[in-house]
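Q: Please find one structure pasted underneath; my questions will follow.
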Amino acid sequence: MQTQLAAYKCDTNEAICLKLVRTAEDLVDEETTFKPEFSHQLFENETVFGYKELQIRLYYSACRLTTLLQVKFASTVADRFKGIEQDDVEGKIKEFIPLGYCTGADDFLALLSKDATFKPFGELIHLYTQPCRENDQEYTYVIYKADMTCPGFREYHARLQTFLLWYIETASYIDVDDDKWNYFLLFENFEHDGVPHYAIVGYMTVYNYYAYPDKIRPRISQMLVLPPFQGQTHGAHLLEAVHKFFIADADVLDITAEDPSESFTRLRDFVDTKMCCQLPSFATEHLSQGFGSEMISEAQQKLKINKKQARRVYEIRRLGVTDPSNTEKYRLYRIDVKRRLNMPFQKNSREIAKMRRFLKPEELDCQLQQLDIKQQQDWLEKEFQEVVTQYRRTLERLAIA
Ligand SMILES: CC(=O)SCCNC(=O)CCNC(=O)[C@H](O)C(C)(C)COP(=O)(O)OP(=O)(O)OC[C@H]1O[C@@H](n2cnc3c(N)ncnc32)[C@H](O)[C@@H]1OP(=O)(O)O
């Protein structure tokens, strides 16, 4: 019985099929389907029970994001085992997508033609062209800054943010009534039947935090480039354009990021290092002298890059000019990076000195056992090797950019 029931367990990362539809043909073209990376926010353990050959279709028109939801399956557990019920998949999805979606393909296709009249919201802040990977044709990409006062944007954003659930592990919907949110949207401008269309490529939300005494510290909260467009430099364009937008704002102190993912960290290292290459304080001749206050102030004032990130950029730049076969130079680099990595342990040492004054000898012994020196050294070496690997990857990308 258990084995027979297990056959009705479905992996939701596999069952969910996402699509950005431009033409009626896309609807039936398997090639244009993409899958979520996560679905745990809706489905516990990323599974549902009760279906065979389950397919949860969540298709969007490429421009307006008109939505089609269909749940298809070959059979349910109830068909075979009386009294056992399947999970309510449709009900769960409905909790997370805004009302107004279609359930029939004909209704969806009838609305698809409305994509031709869709125009991006807000003000254009950046434009670039790039050849398309598939057909080598030159496409134009536009980045707009929108806000909730733009007619129709509130509803559009409600549809757009549903993608976050599938690609950002800890994503949550934001409070759109808070006017401290900035929205940056990236579109591909393509022609269909001689009419210009704007298909969504990705977007970013940024929150204007307060910085003492009279500044703003924008924090990147959610950045998403939709899977069909990932790995084609759109993320780099979007991040750089947002930086440049804030550079022009005298009220902005610097930019931070909330809970950055690994791929975002790599992207940010690349973009920030590329921008800092133009700053005199990051010139090759200054790098061997260490991370200086000039670097901190120039990165902050000219590029709105915060101190922690400026330090990473310095380490990446210095690695790039340090010949690993020059033992002495590489040793100095390693010491410099390890000194930064060691900061939390140095704080610990200060705490030990304090403990010596206040703890009884047996209590102190117990505390010190937790701070094994050898373990610290091993940890430092491992961390150092990891950051160097990440930095080399950034340097390789910079070399071909
Ligand atoms: C604070 C936060 O928001 S954290 C959450 C960040 N968001 C996510 O993690 C959601 C899922 N991921 C995404 O949305 C995207 O992958 C992003 C935003 C992280 C990056 O956007 P992308 O458009 O893919 O970035 P971009 O194309 O510039 O670079 C991505 C990779 O493609 C590679 N790449 C870019 N163009 C090319 C090319 N023409 N040929 C080969 N490789 C390329 C880059 O080198 C980079 O490689 P790496 O990740 O190994 O360093």
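Q: Taking the Cα centroid of region 12-43 and of region 182-205, what is the distance between the two, rounded to the nearest whole Å?
A: 19 Å
Q: For the chain, calculate the relative contact order in percent as a whole number, restricting contacts to Cα pairs under 8 Å that are 6 or more residues apart. All intermediate terms of the calculation are to be shown ahead of the outcome.
A: Details: 565 pairs, mean separation 37.0, N = 401.
Relative CO of the chain lands at 9 percent.
Q: For the chain, modelled as a GNM with alpha-carbon contacts under 10 angstrom, which of E363, E191, E262 fluctuates the most?
A: The residue with the greatest mean-square fluctuation here is E363.
Q: Multiply the residue gap between K35 and E155 by 0.36 nm, knock off their C-alpha separation, and tell me the result in nm, one decimal place. Write down the numbers at each step before the final one.
A: On the way: separation 120, 0.36 × 120 = 43.20 nm, distance 2.38 nm.
Value of the extension gain: 40.8 nm.
Q: Turning to a different aspect of this structure: Checking the a/c ratio against 1.5 first, then a/b against b/c, what shape does the Cα gyration tensor give for region 2-114? Present the calculation step by step, with values, prior to reporting the outcome.
A: Details: a/c = 2.08, a/b = 2.01, b/c = 1.03.
It comes out prolate by the Cα gyration axes.
Q: Considering only Cα-Cα distances, which of the following residue pairs are longer than 26 Å: K180/K308; K35/K92; K307/K354; K19/K82; K308/K329?
A: Beyond 26 Å: K307/K354; K19/K82.
Q: For the chain, give me the percentage of DSSP beta bridges that are antiparallel, rounded to the nearest 5 percent. Write down the numbers at each step before the final one.
A: Working: 50 of 61 bridges.
Beta bridges within the chain, antiparallel portion: roughly 80 percent.
Q: Given the -39500 (n - 2.57) contribution per DSSP H run of 4+ residues, what per-residue ellipticity at 222 nm results for the chain, rounded to the nearest 500 deg cm²/dmol?
A: Details: 16 runs with 167 residues, N = 401.
Computed ellipticity for the chain at 222 nm equals -12500 deg cm²/dmol.
Q: Return the loop-located GluC sites (Glu not before Pro) in region 28-91 (DSSP other than H, G, I, E, B) with at most 14 other Cβ atoms within 10 Å of their own Cβ; answer none if there are none. Write out the running numbers ahead of the final one.
A: Details: sites: E30, E31, E37, E44, E46, E53, E85, E90; in loops: E37, E53, E85.
Here the GluC sites (Glu not before Pro) that fit, given the DSSP loop and packing criteria, are E37, E53, E85.
Q: What are the DSSP H helices in the chain that stretch 18 Å or more along their long axis, judged by alpha-carbon atoms, and whose average Kyte-Doolittle hydropathy comes to at least 0.5?
A: Values: long enough: 234-247 (20 Å, 0.58); 262-276 (21 Å, -0.51); 307-320 (20 Å, -1.44); 327-341 (21 Å, -1.32); 343-358 (23 Å, -1.16); 373-400 (41 Å, -0.95).
The answer, listed by residue number, is 234-247.
We did not get these values from a lab; they are worked out from the coordinates using the rules stated. Values in this document were obtained by computation on a predicted structure and should not be read as measured data. Backbone-built Cβ (ideal geometry, glycine too); neighbour counts: all protein chains shown.
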